[in-house]
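Below is one structure, written out as structure tokens, with a few remarks after it.
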Amino acid sequence: MARNRKLVPEAQLALAQMKMEIAQELGISLPADGYYGKMSTKDIGTIGGGMTKRLVQMGLQLSHR
């Protein structure tokens, strides 16, 4: 079984947009070249945590309909 595979490949653009929005809300600059190797682990984790929180909230909203 492949890991880190998106079940809906079309969601990649939406996830990238979400990452940019959350980084901007947190005041964290994302590298223009797309290479995250020079970013701190703390910043990457903060962005990822924000994405996870937002995705969980979206899932809960859908499940309550």
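A few points about this structure:
- Applying the condition of being over 14 Å from MET51 (Cβ atoms) and acidic (Asp, Glu) to the range 1-38 and asking which residue is modelled with the highest pLDDT yields ASP33.
- Residue match in the range 16-31 (condition: in a helix (DSSP H, G or I), exposed (fewer than 10 other Cβ atoms within 10 Å of the Cβ) and of a type outside the set (A, V, I, L, M)): no
- Residues in the range 38-54 that are in contact (Cβ under 8 Å) with a residue 12 or more places away in the chain and of a type outside the set (Ser, Thr, Tyr) were compared, and the one that is surrounded by the most Cβ atoms within 10 Å (Cβ to Cβ) is ILE47.
The values are calculated or read from the model by the stated rules, or taken from the named source; none is laboratory data. Note that the structure is predicted; figures quoted are calculated from it, not measured. Positions of Cβ are backbone-derived with ideal geometry, glycine not excepted, and every protein chain shown enters the neighbour counts.
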